[in-house]
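Visitor: Here it is, the structure, as structure tokens.
The values are calculated or read from the model by the stated rules, or taken from the named source; none is laboratory data. None of the values given here were measured: they were computed from a predicted structure. Because the Cβ atoms are built from the backbone with ideal geometry, glycine has one as well, and the counts that use them run over all protein chains shown.
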């Protein structure tokens, strides 16, 4: 299965370490790999010819430190294809698997893995956070896309995906946060797409390479797809490769709303080719074509439906999801309250000290400019103003404290409210 480098690797080596061979020899070897493995024969030849001409002209002769040469070549090649990346390390690479339809097979960019050592397991196969937000919105945060072995019913990456999807199975909207996801395996992309689209829909990207074609359709479809749940995907300029394929496919299928910034624009998967002297180069061995759009996101990135700064994307997606939930069911007080809490007043329009005092088993105090509620030995609850005499618990927008005034405007009681049952009112002590 295709892979991509999710992050740039920092290799700590002695400053005096150098690769074997001259820069011209290294550039020549990289050019040869590109000519043999880049998915487009014509473009691969053109890129290789240009590199060889530059090396012959002495452009890289002064880059005798292999780290400098690798960085310079990466900068030179990325405008040609966003996946190009040249690395150098004193450590050996893992053995090279046979090439598939996407070009050179995936190899880890460092030393061969030790027995039992699985980096994907250490990152929980890309699923770094799953939770249910107020208003019953499921949030799945992913930092990478692990490969799935569909021939193995106990495959751990698939189990992780199933667990994440199961935890949000009862949510009334789902958000995927891919703002810090550099990519990974199309197998995971296809499986997650199948969890929200009709079985066997003609929406999956088709990878074209020198060896033929292969599509992103998963080896098995998700068993219980949710076809109508509102779906949102968060993106940023750091969203790359396979992490772009998910929003691109769902957007093209009109199945999800993309919120945030244009993604990185790296569409073409491939693998890492070893180069003598400790170098390695990532070469795109395939290029996807989406059956709906007839193109891909290389260079442009996935363009969001709702363009906002990446840091605001979650809040904006939450607001849209909550609006959709309330529009579908006006009785959803929880979603209404959660929506109100997303944009509270910047500064309370009332004098907070007027609320301080004892209310039966509760005490309300003004601490560092905000109200806190205490009950016995329980930890204090900080309150955020929502307007008028209504406050929400800062960490739980579905817990409200509503203060009551008499005809003279004096605060005389407080009522604890929640969206799911009756409240509890307590009078202020004399």
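Visitor: Identify, please: which residue in the range 331-388 is part of a loop (DSSP other than H, G, I, E, B) and in contact (Cβ under 8 Å) with a residue 40 or more places away in the chain and is, among those, farthest from residue 404 (Cα to Cα)?
Guide: Across the range 331-388, the extreme among qualifying residues is 332.
Visitor: State all residues of the range 319-342 that are in contact with a strand residue (DSSP E or B) (Cβ under 7 Å, 6 or more places away or on another chain) and under 14 Å from residue 396 (Cβ atoms); if no residue qualifies, say none.
Guide: Selection gives 334, 337, 338, 340, 341.
Visitor: So, one more: Here are the criteria: (1) surrounded by 14 or more Cβ atoms within 10 Å (Cβ to Cβ); (2) over 19 Å from residue 135 (Cα atoms); (3) more than 36 Å from the chain's Cα centre (by Cα). Tell me which single one residue 377 does not satisfy.
Guide: All conditions pass for residue 377, except number (1).
Visitor: If you scan the range 147-170, which residues turn out to be crowded, with 19+ Cβ neighbours inside 10 Å and within 22 Å of residue 229 (Cα to Cα)?
Guide: Across the range 147-170, the qualifying residues are 158, 160, 161, 164, 165, 168.
Visitor: I would also like to ask the following. Would you please name the residue that is farthest from residue 324 (Cα to Cα), looking only at residues in the range 219-255 that are in contact with a strand residue (DSSP E or B) (Cβ under 6 Å, 6 or more places away or on another chain) and surrounded by 24 or more Cβ atoms within 10 Å (Cβ to Cβ)?
Guide: Ranking the candidates gives 242 first.
Visitor: Among the residues of the range 391-407, which ones are more than 32 Å from the chain's Cα centre (by Cα), in a strand (DSSP E or B) and surrounded by fewer than 16 Cβ atoms within 10 Å (Cβ to Cβ)?
Guide: 404, 405
Visitor: Still on this structure: Can you tell me which residues in the range 392-430 are closer than 27 Å to residue 137 by Cβ and touching a helix residue (DSSP H, G or I) at 6+ places or on another chain (Cβ under 8 Å)?
Guide: Within the range 392-430, 392, 397, 398, 400, 419, 420 meet the criteria.
Visitor: With 60, 125 as the choices, which residue is at pLDDT 55 or above and assigned to a loop (DSSP other than H, G, I, E, B)?
Guide: 60
Visitor: Do the conditions hold for residue 277, that is, is it modelled with pLDDT of 95 or more and either surrounded by fewer than 24 Cβ atoms within 10 Å (Cβ to Cβ) or in a loop (DSSP other than H, G, I, E, B) (or both)?
Guide: no
Visitor: Residues being under 24 Å from residue 271 (Cα atoms) and surrounded by fewer than 17 Cβ atoms within 10 Å (Cβ to Cβ): count how many of those fall in the range 41-70.
Guide: Of the residues in that region, 8 qualify.
Visitor: With respect to the numbered conditions (1) at pLDDT below 95; (2) not in a loop (DSSP other than H, G, I, E, B), which one is the sole condition not fulfilled by residue 192?
Guide: For residue 192, the failing item is (1).
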